[in-house]
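Report on one structure; see the data block that follows.
The values are calculated or read from the model by the stated rules, or taken from the named source; none is laboratory data. Everything quoted here is computed from the prediction, not taken from an experiment. Counting neighbours? That spans all protein chains shown, and the Cβs are built from the backbone with ideal geometry, glycine included. Heavy atoms of the whole protein, side chains included, go into the accessibility calculation; ligands, DNA and RNA do not. Shrake-Rupley method; radii C 1.70, N 1.55, O 1.52, S 1.80 Å.
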Amino acid sequence: RAKERGRGRWELHEPAETDPTVDRLRALGELRRGIRDGALRVHYQPQIDLRTGTASGVEALVRWQHPTRGLLPPSEFITMAEESGLVRPLGAWVLNETLKQAAALRQDPRNARLEFAVNLSARQLNDPELVDTVKGALQLWTLDPALLQLEITETALMSDPAAALESLTALKNLGVGLAVDDFGTGYSSLTYLKKFPINELKIDRSFITGLGSDSGDAAIVGSCIDLAHAVGIRAVAEGVETSGQEQALRAMGCDLAQGFLFARPLPAPLLEEWLQANLGGRPVSA
Ligand code: C2E
Ligand code: MG
Ligand code: MG
Ligand code: MG
């Protein structure tokens, strides 16, 4: 920068530490080492069956225990992981860790039919090794494939529909379930509901927020639930925070719900406690 303003001048310039490229490279190096050295964590958020009030499954949500910045949510590193390709080793780690945890939880026969949901990014869908990775983890931890649910956003599905269809078909043939995540926020092209072998639709939190106050949101959520049922798949509501929302969802026939009302994403030991404490289910209010 000083150079542009002429030679022979002394000028203060920004230290290299604040150069965005250098920052990015450093962050990437930290993440790569973090994945390698065991700095990732998985938290699990229960999913409630609205008919019984009990947990039908849990969603695995990754965190990064950063050496100086504390426990980071995915919004702080997933985009970088996707852009760099690190999301493939990251995703494989999350899958393995989750199925390992699933095996531990199944020691208690009351958790025998608990489902485990894992998020996949677009970059993983295009990975020719994805199907082998999933198959290997299922075999290693002897999980019934029907108990694994893979979540893919609409945007990821549409970024390369041909590759997505191929991966999803192969995954379906393994016997795993496939969910469309953040439904309603992406291209919302309904053709993929017919085209892709999906068994679950997760209605985005942004539509759940207005339940009980915004009649537009109620209409949208109701339509999504009906749409799911019309094509023979189940509907899940994300981000349920109030009992009013829970009641509205039950009245509309929504199958499953997830949100802070029931539980935040929990580290494994707290999940185990929560499952123990909630075996009897929640009181179902009308
Ligand atoms: P998602 O899959 O849609 O996950 C739901 C997000 O909503 C989670 O955020 C969860 O903590 C949050 N949430 C759940 N209930 C409530 C609620 O009642 N209120 C509010 N305000 N938020 C709620 P989180 O854990 O920060 O994850 C964000 C996103 O990062 C996920 O969205 C998913 O797209 C992505 N992600 C998380 N883990 C992984 C992973 O292992 N691999 C990949 N590729 N993506 C992941
Ligand atoms: Mg998800
Ligand atoms: Mg299933
Ligand atoms: Mg979502």
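Just one of the listed residues (PRO269, PRO265) is in contact with an Asp or Glu (Cβ under 9 Å, 6 or more places away or on another chain) and not hydrophobic (A, V, I, L, M, F, W, C), and it is PRO265.
If the condition is being charged (D, E, K, R) and surrounded by 16 or more Cβ atoms within 10 Å (Cβ to Cβ), then the stretch 264-284 contributes GLU272, ARG282.
What are the residues in the stretch 28-46 that are basic (Lys, Arg) and either at positive phi or under 19 Å from the mean Cα position of the chain (by Cα) (or both), if any?
If the condition is that a residue be basic (Lys, Arg) and either at positive phi or under 19 Å from the mean Cα position of the chain (by Cα) (or both), then ARG41 is the only one that fits.
A single entry from THR185, THR169 fulfils the requirement of being surrounded by fewer than 16 Cβ atoms within 10 Å (Cβ to Cβ), under 16 Å from the mean Cα position of the chain (by Cα) and either away from ligand 3 (no atom under 16 Å from the Cβ) or in a loop (DSSP other than H, G, I, E, B) (or both): THR185. Filter the stretch 188-215 down to the residues that are outside any loop (DSSP other than H, G, I, E, B) and either modelled with pLDDT of 90 or more or of a type in the set (Val, Ile, Thr) (or both) and list them by number. Correct list: THR191, GLU200, LEU201, LYS202, ILE203, ARG205, SER206, PHE207, ILE208.
Condition check for LEU178 on (1) under 19 Å from the mean Cα position of the chain (by Cα); (2) assigned to a helix (DSSP H, G or I); (3) more than 24 Å from ASP217 (Cα to Cα): one failure, at (2).
Of all the numbered requirements in (1) in contact (Cβ under 8 Å) with a residue 24 or more places away in the chain; (2) within 15 Å of ligand 3 (Cβ to nearest atom); (3) of a type in the set (A, V, I, L, M), ALA112 misses one, and that requirement is (1). Of the residues making up the stretch 64-114, those that are more than 21 Å from VAL134 (Cβ to Cβ), open to solvent by 70 Å² or more (accessible area, probe 1.4 Å) and not aliphatic (A, V, I, L, M) are GLN65, PRO67, THR68, ARG69, SER75, GLU76, THR79, GLU83, GLN107, PRO109, ARG110. Residue count for the stretch 171-183, restricted to those that are free of Cβ contacts under 8 Å to residues at least 40 places away in the same chain and either within 16 Å of ligand 2 (Cβ to nearest atom) or among the aliphatic types (A, V, I, L, M) (or both): 2. When the residues of the stretch 115-151 are filtered to those that are part of a loop (DSSP other than H, G, I, E, B) and of a type outside the set (A, V, I, L, M), the one that is least open to solvent (accessible area, probe 1.4 Å) is SER121. Look at the stretch 229-251: where a residue is without any contact (Cβ under 8 Å) to a residue 40 or more places away in the chain and a partner is open to solvent by 50 Å² or more (accessible area, probe 1.4 Å) and within 15 Å of ligand 4 (Cβ to nearest atom), sitting 6+ places away or on another chain with Cβ atoms under 6 Å, you get GLY239/ARG205; GLU241/PHE260. Annotation: of all residues in the stretch 224-245 being assigned to a helix (DSSP H, G or I) and open to solvent by less than 70 Å² (accessible area, probe 1.4 Å), the one that is nearest to ligand 3 (Cβ to nearest atom) is ALA228. For the stretch 24-50, a tally of residues being outside any helix (DSSP H, G or I) and either in contact (Cβ under 8 Å) with a residue 60 or more places away in the chain or open to solvent by less than 10 Å² (accessible area, probe 1.4 Å) (or both) returns 11.
Taking the stretch 231-251, which residues are away from ligand 1 (no atom under 16 Å from the Cβ) and within 23 Å of ALA117 (Cβ to Cβ)?
The initial filter retains those residues of the stretch 231-251 that are away from ligand 1 (no atom under 16 Å from the Cβ), namely 231-234, 250-251.
Of everything in the stretch 231-251, those that are away from ligand 1 (no atom under 16 Å from the Cβ) and within 23 Å of ALA117 (Cβ to Cβ) turn out to be VAL231, GLY232, ILE233, ARG234, ARG250.
Put simply, of ILE208, ILE220, ILE233, ILE225 the only residue that is within 13 Å of ligand 4 (Cβ to nearest atom) and β-branched (Val, Ile, Thr) is ILE208.
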